[in-house]
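Only one structure is covered here, and it is reproduced in the block below.
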Amino acid sequence: PADDPSMSYLRHTLEGPDDMPAHIKAAVLPVTLSIPVVAGRMVLGTWQGIYLFEHRDAPHSRRIAVHFA
């Protein structure tokens, strides 16, 4: 958490107080995803889905790039 005193040595606040925790979470979690497509539909399992997470405390505008090959 951004307010955890034991993590005070990790201070990067150029874009806000939640900047450093967001960078750590983004480094640990995947940033790319490959999904098979058959007959124009994504091939996902019964309980699978795609989720986009924002790691910052305040909402930000994001652009998502999709590449079909």
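Across region 38-64, what is the total count of residues that are modelled with pLDDT of 85 or more, within 26 Å of ALA26 (Cβ to Cβ) and over 13 Å from the mean Cα position of the chain (by Cα)?
6
What tally of residues in region 36-69 results from selecting those that are surrounded by 10 or more Cβ atoms within 10 Å (Cβ to Cβ) and either assigned to a loop (DSSP other than H, G, I, E, B) or in contact (Cβ under 8 Å) with a residue 24 or more places away in the chain (or both)?
In the first step, residues of region 36-69 are kept if they are surrounded by 10 or more Cβ atoms within 10 Å (Cβ to Cβ); the result is 37, 42-44, 54-57, 60.
Now narrow it down to the ones that are either assigned to a loop (DSSP other than H, G, I, E, B) or in contact (Cβ under 8 Å) with a residue 24 or more places away in the chain (or both): 37, 43-44, 54-57, 60.
Result for region 36-69: 8.
List, please: which pairs have Cβ atoms under 7 Å, are six or more places apart or on different chains, and start with a residue in region 19-32 that is under 12 Å from HIS55 (Cα atoms) and end with one that is charged (D, E, K, R)?
MET20/ARG11; ALA22/ARG56
Within region 25-34, which residues are loosely packed, with under 10 Cβ neighbours inside 10 Å and hydrophobic (A, V, I, L, M, F, W, C)? Steps first, answer last, please.
If we filter region 25-34 for residues that are loosely packed, with under 10 Cβ neighbours inside 10 Å, which is where we start, we get 27-34.
Result: ALA27, VAL28, LEU29, VAL31, LEU33.
Can you name the number of the only condition in (1) part of a loop (DSSP other than H, G, I, E, B); (2) under 24 Å from SER6 (Cα atoms); (3) under 11 Å from the mean Cα position of the chain (by Cα); (4) not aromatic (Phe, Trp, Tyr) that VAL31 fails?
Only one criterion in (1) part of a loop (DSSP other than H, G, I, E, B); (2) under 24 Å from SER6 (Cα atoms); (3) under 11 Å from the mean Cα position of the chain (by Cα); (4) not aromatic (Phe, Trp, Tyr) is unmet by VAL31, namely (2).
The values are calculated or read from the model by the stated rules, or taken from the named source; none is laboratory data. This structure is a prediction, so every number in the text was calculated from the model and none was measured. Positions of Cβ are backbone-derived with ideal geometry, glycine not excepted, and every protein chain shown enters the neighbour counts.
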